[in-house]
1. So M1 clears everything in (1) outside any helix (DSSP H, G or I); (2) surrounded by 11 or more Cβ atoms within 10 Å (Cβ to Cβ); (3) at pLDDT below 95 except one condition, right? Which one?
2. Among the residues of the range 11-35, count how many are over 17 Å from W61 (Cα atoms) and part of a helix (DSSP H, G or I).
3. Only one of (1) at pLDDT below 95; (2) surrounded by 14 or more Cβ atoms within 10 Å (Cβ to Cβ) fails for L43. Which number is that?
4. For residues that are outside any helix (DSSP H, G or I) and either on the phi > 0 side of the Ramachandran plot or touching a residue at least 24 places away in the same chain (Cβ under 8 Å) (or both), scanning just the range 46-62, find the one that is surrounded by the fewest Cβ atoms within 10 Å (Cβ to Cβ).
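The values are calculated or read from the model by the stated rules, or taken from the named source; none is laboratory data. All of these numbers come straight from a predicted model, not from anything done at the bench. Reconstructed Cβ throughout: ideal geometry from the backbone, glycine too, with neighbour counts over all protein chains shown.
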Amino acid sequence: MNNQTIGGSMKEMGAKIKKQWSKMTDDDVGLYEANQDEFFARLEKNQGVARDEAERVMKEWK
């Protein structure tokens with residue numbers, strides 16, 4: 001997979017994250033690729049969504 005495809009996929013994932021959980025900032029969304037533990041911690045703090053629930057929702061998007 002080339003960088004353009006990976007970048008496109010991450011851009012799509014970021015858009016889906018922000019649509020599903022509107023309180024997530026661009027910085028928060030950027031953590032999904034860089035540090036998933038921190039991403040899910042912020043998601044839980046900002047949106048009140050448990051990691052297992054968020055992972056289930058995000059898995060359905062793929």
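1. For M1, the exception is condition (2).
2. Adding up the residues that qualify gives 6.
3. All conditions pass for L43, except number (1).
4. Out of the qualifying residues, it is G48.
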